[in-house]
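For reference, the structure discussed in these notes is given below.
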Amino acid sequence: MTNSPAAFTEETVDIAGISVQLRSGGSGEPLLVLHGELGVPDWLEAHELLARHYSVCVPSLPGFGTSSFPDWLMSVRDLSAWVNWFVRECGLATPLNVVGFSMGGWIAAELATTNSALFSKMVLVGAAGLKPREGEIWDYFLNSAKDAFQQSFHDHESAQYLKYYGRDWTPDEAEQVETNREAAIRYLWRPYMHSVTLPDLLPAIATPTLLVWGRQDGIVPISSCELYQQGIANAQVAVMEDCGHMPEMEKPEEFANTVLGFLKG
Amino acid sequence: MFIGHFTEEPWQVPDWPDEWGTGIHKVSNAEYDPYRAANLYNRYLDEKIYAEEVGFDGLMVNEHHSAPFCMNGVANVQASILARITTKVKILLLGNILPIHDDPLWLAEQLAMIDVISRGRLIPGIVRGSGGESISHNIPPHYNRERFEEAHDFLIKTWTTPGPFRWEGKHFHYRYVNPWAVPYHKPHPPIWVPGTSSRETVEWCARHRYPYVMLSTQLELTREMFKIYYETAEEEGYEAGPQHMGYMFFVHVEETKARAMEVGRTLTQGVRSPFDPGVQRPIPWIMSPPGLNSRKAVALRRQMTAPDATGKTRAGALASFEDQVATRGMIVGTPEQCVEDIRYIMDYLRPGIIIFRTGDGAMDHESQMRTLKLMGEEVLPAMRDIAKELGLPGPYEVDPATNEPVTALAS
């Protein structure tokens, strides 16, 4: 646990055709963070821990946070194309490391199937994108926004769950959650949170990959982790015990250590 | 004056558990008993045939999905049957849920066939539908309005432009639009649109000069929505009139007030529509998924249906049967009493279209037939006289598209 003040900047920048809410901090080689379908509420403790070693860049993806949302973005493939554009316009040196959470993991995997020179190493965390072999991806849109966060955490007493989600939201926070849901629904509606072609493209990935999964992931079943592992050559797996769909928020330290171990190894 | 008949055609069963409520997105279709359903579907059709016989101008049919409160999952099936078993009544669809159709060409051809078989009696109304319909058919709710508008434009073009032609839109794509069947009614069948309290919809409707039918809404709110129609029409450069305004409300008529209150109460019992007063609203994130309505529309609707200073919601969300009767949300009484209340509504709202919602909820067949008979004998003729007196032409007297008198041939 860090007690140092969060050394990060938050700004709004015009990049790759949209107005992007961009949080960044740290120094060194760039590390791109692609958030999941619920957006990212803050510069998180996990970002801070990673920023001690890397220059961490966390854009709010189009439609999420306060980033703008042009009509042309209609699918995760469109989003992947946008991320590629974003990386280039940001001037981030490539290949670069990437950590993608849930939908963000799916985006990273899509990019890695089309361009093996973009990422040096890739970490997929509870990644969506594949139809699970067992179980189903939890339905965000048959459930309330509150339920989604509850379902995403195994431990409802964990500090960041209580800090961000397990309490009454301010009107602004509730509006932001709805904005994020409006973005997610456009990218993920059907086929629901998966691609029918990605399984066949996974063998095209040459990027060294770590799959991180919470054993109790209540959103994307752990059977999807096995499918990613089978599809991506030499993919490593780190299963976090007593942990749900958001290891970065539920167990930030263990999560950061796992990621750093892989990136530096 | 155009007077229509409507029932939601609810599932009726004596032992429906209270906790199942409207049943929408809650109850498995393992509860659907085809033998009971066969009786109910045929009962509702019998009532429609009788409604034509007693003098209604139109039979309104709607559809909902995964919804026991409305057995009609496919309005066009019932419309097809009515096209053949009725002879003069208009078949009013309110309506097809345009955004949930992935193939609007198929819809265009179905509707054209119904219009032709009925010899031009179809009114193919269109709706956006609630979130539940999008979820049942896995249609993106966030493109609901775009799909509604594009499908509408496509239907009109398909009905009015000789094929073949190509359609390359955002949501629908065809390389060969050339359905063999085209509508009987020229230039195309009249489109009506129902509403509850969406400002965006009433404005859209007014811009297209389509009759707008408010469904079981509180009187004051209804008048406000009509006002938006009139204002939008003015902006568009034409004068709206009764031929553009429709209103649906519950009616039950009996020989005595006491009997009417006793039997009319069954309208508020049984498996009911979640949109009705007094019914527990269904799950909000299913009825209104992210993106189904714009934030502006959601805020406006909240404002329009907010409780007044006394805490009563204008939509009457928790109104009792007695409250609804007292506020003319439900017209229940003897023929004379009903006519008096209906005259008040006609004078207050000045609609050219009135639709009786009747035989609904837990009401039995005999009661519905009894009330239809009284409506035909006493209520409808009186309403026609009142409409003349107040100057309330319906859309088959004054054409909403032109404001010109409708000729016998065109109607």
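List of remarks:
- Summing Cβ point charges (Lys, Arg +1; Asp, Glu -1) relative to the Cα centre of the stretch A:1-88 gives a dipole of roughly 200 debye.
- In percent, rounded to a whole number, the relative contact order of the stretch A:24-179 is 21, using alpha-carbon pairs under 8 Å and six or more apart.
- Residue by residue, the stretch B:98-107 carries 3J(HN,Hα) couplings of 3, x, 8, 8, 7, 10, x, 5, 4, 5 Hz when phi is fed to the Karplus relation 6.51 cos²θ - 1.76 cosθ + 1.60 (θ = phi - 60°); x denotes Gly or Pro.
- Translational diffusion coefficient of the stretch A:73-158 (Stokes-Einstein, Kirkwood radius from Cα pairs, 4 °C, 1.567 mPa s): 89 µm²/s.
- For B:Val61, the amide hydrogen comes within under 5 Å of the amide hydrogens of B:Leu92, B:Leu93, B:Leu94, counting only partners 5 or more places away or on other chains and with H modelled in the peptide plane.
- The ranking of A:Val196, A:Val33 by Cβ neighbour count inside 10 Å, starting from the fewest, reads A:Val196, A:Val33.
- Unsatisfied cross-links (Cα-Cα over 21 Å) in the set B:Lys48/B:Lys186; B:Lys88/B:Lys227; B:Lys257/B:Lys388; A:Lys131/A:Lys163; B:Lys157/B:Lys186: B:Lys48/B:Lys186; B:Lys88/B:Lys227; B:Lys257/B:Lys388; A:Lys131/A:Lys163
- Extent along the principal axes, Cα only, for chain B: 61, 49, 48 Å, with the longest axis given first.
- Electrostatic tally near B:Cys70: other residues with Cβ closer than 9 Å to its Cβ, Lys and Arg +1, Asp and Glu -1, net -3.
- Take each residue in B:140-153, count the other chain C-beta atoms within 10 Å of its C-beta, and the mean is 2.
- Counting only the Cα atoms, the protein assembly as shown fills a convex hull of 176 Å³ per residue.
- Pairwise label distance in nanometres, B:Tyr230 with B:Lys157, each label 7 Å out on the Cα-Cβ vector: 3.7 nm
- Relative contact order of chain B: 21 percent, from C-alpha pairs under 8 Å at least 6 residues apart in sequence.
- Karplus-based coupling profile of the stretch B:84-96, in residue order and whole Hz: 9, 8, 10, 10, 10, 6, 7, 9, 9, 8, 10, x, 6, with θ = phi - 60° in 6.51 cos²θ - 1.76 cosθ + 1.60 and x standing for Gly or Pro.
- Shape of chain A, Cα gyration tensor, a/c cut at 1.5: rounded
- Along chain A, the longest continuous region that contains none of the GluC sites (Glu not before Pro) in a DSSP loop with at most 14 other C-beta atoms within 10 Å is A:1-133.
- In Hz, Karplus ³J(HN,Hα) per residue of the stretch A:106-123 (6.51, -1.76, 1.60; θ = phi - 60°; x = Gly, Pro): 4, 4, 4, 5, 4, 4, 5, 6, 9, 8, 7, 9, 7, 10, 7, 9, 10, 10
- Residues B:His365, A:His194, B:His5 arranged by fewest to most Cβ contacts within 10 Å: B:His365, A:His194, B:His5
- Entry note, chain A: relative contact order of 20 percent, from Cα contacts under 8 Å with a spacing of 6+ residues.
- Amide proton proximity set for B:Val398, modelled H, under 5 Å, gap of 5+: B:Val406
- Note on A:Asn115 and B:Ala382: their simple-model spin labels are 7.6 nm apart, each label 7 Å out from Cα toward Cβ.
- Counting, for every residue in B:284-293, the Cβ atoms of other protein chains within 10 Å of its Cβ and taking the mean gives 5.
- For B:Lys170, the aspartates and glutamates whose Cα comes closer than 15 Å to its Cα, not counting residues fewer than 8 places off in the same chain, are A:Asp71, B:Asp102, B:Asp103, B:Glu146, B:Glu149, B:Glu150, B:Asp153.
- The stretch A:155-214 and the stretch A:30-72 have Cα centres separated by 12 Å.
- Neighbours of B:Ala258 by Cβ distance under 15 Å: Lys/Arg scored +1, Asp/Glu scored -1, total -1.
- Loop-exposed chymotrypsin sites (Phe, Trp or Tyr not before Pro) per DSSP, neighbour cap 16 Cβ within 10 angstrom, longest uninterrupted part of chain A: A:73-168
- Neighbour-count ranking [beta-carbon atoms within 10 angstrom, fewest first] of A:Asp42, A:Asp71, B:Asp385: A:Asp71, B:Asp385, A:Asp42
- Built amide H within the under 5 Å cut-off of B:Phe250, gap 5+: B:Ile331, B:Arg357
- The aspartates and glutamates within cross-link reach of B:Lys296, meaning a Cα-to-Cα straight distance under 15 Å and a gap of 8 or more places when in the same chain, are A:Glu175, A:Glu178, A:Glu182, B:Glu200, B:Glu203.
- Placing a pseudo-label 7 Å from each Cα along the Cα-to-Cβ vector at A:Asn257 and B:Asp15 gives an inter-label distance of 5.9 nm.
Laboratory data are not the source of any read-out in this text; all were calculated from the coordinates shown. Remember, it's a predicted structure, so these values are computed and weren't measured experimentally. Cβ sites come from the backbone with ideal geometry, for glycine too, and all protein chains shown count toward neighbours.
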